[in-house]
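Notes follow the structure.
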Amino acid sequence: MSGFCLQRQGRGWIVAGPNGRALTGVYGDRNLAAVRLGELQDLAETTERRMRRACMCCGREFLSAGIQNRLCAGCRTGTPVEHMPARSRHTAKAGGRT
Ligand SMILES: [Zn+2]
């Protein structure tokens with residue numbers, strides 16, 4: 001769960017994070033704040049799903065795009081990491097940020 005919520009702020013509304021910190025400016029319209037809240041929740045959930053996993057194939061750690069993503073870029077594309085261009089190889093070693 002993201003833990004975001006709408007909070008009354010003066011005469012308007014803000015979106016507050018799990019720690020109660022304001023994440024947005026003050027919205028005069030509660031609906032606008034609610035829309036922004038939804039966007040932030042989506043973003044947080046997407047970020048949560050993107051996590052480091054060990055590749056099911058080679059065991060290398062990589063940044064997964066989601067729970068369905070269990071293979072590193074090298075195994076997914078069938079290209080051994082060793083044979084990738086230098087820049088990609090560096091990226092893969094740094095955690096497979098793509
Ligand atoms: Zn792999």
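Please enumerate the residues belonging to the stretch 8-22 that are exposed (fewer than 13 other Cβ atoms within 10 Å of the Cβ) and closer than 30 Å to Ala65 by Cα.
From the stretch 8-22, those exposed (fewer than 13 other Cβ atoms within 10 Å of the Cβ) are 8, 10-11, 18-22; that's our starting set.
Pro18, Asn19, Gly20, Arg21, Ala22 - these are the residues of the stretch 8-22 that are exposed (fewer than 13 other Cβ atoms within 10 Å of the Cβ) and closer than 30 Å to Ala65 by Cα.
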### Query
What about Leu37, is it modelled with pLDDT under 90, away from the ligand (no atom under 16 Å from the Cβ) and in a helix (DSSP H, G or I)?
no
## Note on the structure
Subset of the stretch 42-82, residues part of a loop (DSSP other than H, G, I, E, B), within 13 Å of the ligand (Cβ to nearest atom) and either β-branched (Val, Ile, Thr) or within 30 Å of Val15 (Cβ to Cβ) (or both), comes to Ser64, Asn69, Thr79
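The values are calculated or read from the model by the stated rules, or taken from the named source; none is laboratory data. Since the structure is predicted, the reported quantities are computational estimates derived from the model, not experimental observations. Every residue, glycine as well, gets a Cβ built from its backbone with ideal geometry; the counts of neighbours run over all protein chains shown.
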